[in-house]
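J.: Right, I'll just put the structure down here and ask away after.
The values are calculated or read from the model by the stated rules, or taken from the named source; none is laboratory data. Since this is a predicted model, take the numbers as computed values, not measurements. We place every Cβ from the backbone using ideal geometry, glycine too, and count neighbours over all the protein chains shown. Heavy atoms of the whole protein, side chains included, go into the accessibility calculation; ligands, DNA and RNA do not. Shrake-Rupley method; radii C 1.70, N 1.55, O 1.52, S 1.80 Å.
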Amino acid sequence: MRVAFLGLGKMGCALVPHLLKAGHAVTVWNRSVAVAEEFAVKGAAVARSAAEAVETCEVVFTLLLNDEVLEDVLFDGGVLDALPKGAIHVSVSTISVALAKRLTTEHAERGQRYVGAPVFGRPNVAAEGKLWAVVSGAADAVESVRPLLESYSRGMTVISEEPWSAHAMKLAGNFSVAAMVATLSEAMTVAESMGVSPELFVEMANSATFRSPLYEMYGKALMNPPKEIGASVALGEKDIRLFREAAAASGVKTPLAELMGKNFDAAIEAGMKDDDWATGYYELVRRT
C-alpha cells in the first residue's frame, strides 16, 4: 500500500521499519528533517511537508505529541485538504476523545475515513513488533489497514465502529498503568522506610498477589531507571488530564485520577517534566 507516516519520535521511528519490511511504499515526514532523512537509506521517500507526504497515499499514519500538534499538522499544515478521497487516516497518537470525534466528522465531510488505533507498549516493544493495538472505525476501513497494524503488533482489540472509542480505551488503559505505578511507588517507599528491601517487595507482589508482566517490568524500572525514557512526566500528566476530561464529559467522577493529576503537576513543578514518567512519579513519592 501507499503509506504516509507523519511524526518520527521514538515510537514513530520504531514503527516505520516494520511497514517498510512488509513491502509497503512509505513516505515519511517529520518537523526535524534530519530524522526523516535517516529513513531514505532504508527505502522510504522523504516529503518536504506533511501535505506533500499524503498527496497520493492510501493510508496516512499520524503519531504526534498531543492534540495541539496534531491539529496544527492536519488543519494548518493542509493535510486534511491534501489527503485523497477514500484515503484512511490512522491515528496512533494518544489524543482526546473530543478531538477524535471532531476528526471523524472532518474526514467524513471530505470523503475520507478515520480509524483510531493507539497502541500499548514502549518504543523497545515497538521495535520488536510486539505492541498491542486498540482499534475502532468503520469495519471496511479497519480491515483495510489491519495488515499494516499487524506488521508491528502482537495483537489487537477491535472495539467498535466509532473511532473515538479506541482513544477512550487507550486513555483508560494508560490510567490503569499509571495507577499501578502509583501504588507500587507508595508501597515500595513504605516498605523501604521500615527496612524492607523494595526489590524484595516487588518480587513478593509479583509472585503472591498480582503476577503481572507489567508489575515485573515497572518494578524493575523503578529500582533501575532506564537510560532512555519511554515517556516523560509531561506526557503522563497529559494522559491523566485527558482521561479526566473524558470522564467529566460523561458525568463520571474520578477522585483517584484527580489525585494523580495533582501529583504529576507537582512532579513538573519539581523539575521532572522531561524525566521518565514512572521513575519520576516514584521519586516524587520518595521525596514527600
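J.: Please report the antiparallel percentage of the DSSP beta bridges confined to region 57-179, to the nearest 5. The partial results should precede the final answer.
T.: On the way: 3 of 16 bridges.
Antiparallel bridges: around 20 percent, rounded to the nearest 5.
J.: Can I ask one more? Under a 1.4 Å probe, what is the accessible area of region 61-186 per residue, stated in Å²?
T.: Numbers: 4720 Å² over 126 residues.
Computed with neighbouring chains in place, this is 37 Å² per residue.
J.: If you place +1 on the Cβ of every Lys and Arg and -1 on the Cβ of every Asp and Glu, how big does the dipole about the Cα centre of region 40-170 come out, in debye to the nearest 20? Intermediate results must be reported in sequence, preceding the final value.
T.: Details: 12 positive and 17 negative charges, 99 e Å.
Roughly 480 debye for region 40-170.
J.: Local charge sum around Glu199 (other residues, Cβ-Cβ under 13 Å, Lys/Arg +1, Asp/Glu -1)? Walk me through the intermediate numbers first.
T.: Details: positive: Lys220; negative: Glu192, Glu203, Glu216.
Residues near Glu199 contribute -2 overall.
J.: Sticking with this one: Which residue, Ser153, Ser232, Ser32, tops the fluctuation ranking in a GNM of the chain built on C-alpha contacts under 10 Å?
T.: Greatest mean-square fluctuation among the candidates belongs to Ser32.
J.: Around Ala270, what is the net charge, scoring Lys/Arg as +1 and Asp/Glu as -1 over all other residues with Cβ under 13 Å from its Cβ? Before the final figure, lay out each step's value.
T.: Numbers: positive: Lys262, Lys273, Arg286, Arg287; negative: Glu237, Asp265, Glu269, Asp274, Asp275, Glu283.
Residues near Ala270 contribute -2 overall.
J.: Continuing with the same structure: Report the one residue of Gly261, Gly271, Gly251 whose Cα lies farthest in the direction of the positive end of the charge dipole of region 213-288 (charges on C-beta: Lys and Arg +1, Asp and Glu -1; origin at the Cα centre).
T.: Gly251
J.: How many nm separate the modelled label positions at Asp81 and Lys42, each set 7 Å beyond the Cα in the direction of the Cβ?
T.: 3.2
J.: Further, regarding this structure: Over the chain, what percent of the accessible surface lies on carbon and sulfur atoms, probe 1.4 Å? The partial results should precede the final answer.
T.: Working: 7350 of 13460 Å².
Reported share for carbon and sulfur atoms: 55 percent.
J.: Write down the accessible area per residue of region 194-288 in Å², having rolled a 1.4 Å probe over the full set of protein chains.
T.: Numbers: 5640 Å² over 95 residues.
Per residue, region 194-288 has an accessible area of 59 Å².
J.: So, R0 is 45 Å and r is the distance between the beta-carbons of Glu203 and Ala249; what FRET efficiency does that work out to, to 0.05? Working shown, then result.
T.: Working: r = 41 Å, r/R0 = 0.91.
Computed FRET efficiency for Glu203 and Ala249 comes out at 0.65.
J.: Please report the antiparallel percentage of the DSSP beta bridges confined to the chain, to the nearest 5.
T.: 15
J.: Tell me the trypsin sites (Lys or Arg not before Pro) within region 213-260 that lie in a loop according to DSSP and have at most 16 other beta-carbon atoms within 10 Å. Let's see the in-between values first.
T.: Values: sites: Lys220, Lys227, Lys238, Arg241, Arg244, Lys253; in loops: Lys227, Lys253.
Within region 213-260, the qualifying trypsin sites (Lys or Arg not before Pro) (loop, at most 16 other Cβ atoms within 10 Å) are Lys227, Lys253.
J.: Decide, for region 202-247, between rounded, prolate and oblate: order the square roots of the alpha carbon gyration tensor eigenvalues as a ≥ b ≥ c, take rounded if a/c falls under 1.5, and otherwise choose prolate if a/b is larger than b/c, else oblate.
T.: Working: a/c = 4.04, a/b = 1.51, b/c = 2.67.
Oblate shape, in that a/c is at least 1.5 and b/c is the bigger or equal ratio.
J.: Restricting attention to region 197-276, which GluC sites (Glu not before Pro) occupy a DSSP loop and are surrounded by at most 10 other Cβ atoms within 10 Å? Don't skip to the answer; put the middle values down first.
T.: Values: sites: Glu199, Glu203, Glu216, Glu228, Glu237, Glu245, Glu258, Glu269; in loops: Glu228.
When the GluC sites (Glu not before Pro) of region 197-276 are filtered for loop state and at most 10 Cβ neighbours within 10 Å, Glu228 remain.
J.: Magnitude of the Cβ-charge dipole of the chain, K/R +1 and D/E -1, about the Cα centre, nearest 20 debye?
T.: 440
J.: Also: Calculate I(q)/I(0) for region 74-207 by the Debye formula, one identical point scatterer on each C-alpha and no solvent, and give its log10 at q = 0.18 Å⁻¹ to two decimals.
T.: Computed log10 I(q)/I(0) values: -0.97.
J.: Specify which residue in the list Gly155, Ala168, Leu214 is farthest towards the positive end of the charge dipole of region 133-288, using unit charges on the beta carbon of Lys, Arg (+1) and Asp, Glu (-1), about the Cα centre.
T.: Leu214
J.: For region 145-183 and region 105-139, what is the separation of their Cα centres, given in Å?
T.: Cα centres, region 145-183 to region 105-139: 8 Å.
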